Amino acid sequence: MDLKFLIIYLINLTIVNFVYLKSKLISSKFGLYKKNGDNTPLVGGLGLFIFFLILYLSLILLDGNFLKINKSSIFILVLIIFLIGLYDDLKEVSYVFRLMFIYIILIIFLNINEDYLISYLYFESLNKTFLLNEY
């Protein structure tokens, strides 16, 4: 499984590198630039999302334990944040709206899936534990 995963990972990096290198060409062909005139291409987030998607799908296909542990909530969270960024790129939404919406989505995600909450911090060098349940 490790060799297959490594091959998929390298293919994934190649695809993302290709998207990054061709981002200006892709952006100019489809007119995907920020509207403020600084010629910033809008396909960077797409490359990162493609990387995450291929990595996620390869984990599902290659690792039987990954299927047993429900990780679809992480994928849904990343998809929603990607769609918020995509909507912002296309419609130029206020950064306050975008950040508040992402903040609300994260709060909902952490309330639904408490496995991702950090309940304590342990510092081995200090032999000290800090409980974060109230925070």
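A short reminder: the numbers here are calculations on the coordinates, not readings from a lab. Note that the structure is predicted; figures quoted are calculated from it, not measured. Positions of Cβ are backbone-derived with ideal geometry, glycine not excepted, and every protein chain shown enters the neighbour counts.
If R0 equals 30 Å, the separation of the Cβ atoms of ILE50 and ASN113 corresponds to a calculated FRET efficiency of about 0.80. Annotation for LEU131 and PHE75: the two label points, set 7 Å from Cα along the Cα-Cβ direction, are 3.8 nm apart. Each label was represented as a point 7 Å from its Cα along the Cα-to-Cβ direction; for LEU59 and ASN17 these points are 2.3 nm apart. Note on VAL93/LEU3: beta-carbon distance plugged into 1/(1 + (r/R0)^6) with R0 of 41 Å gives a FRET efficiency of 0.40.
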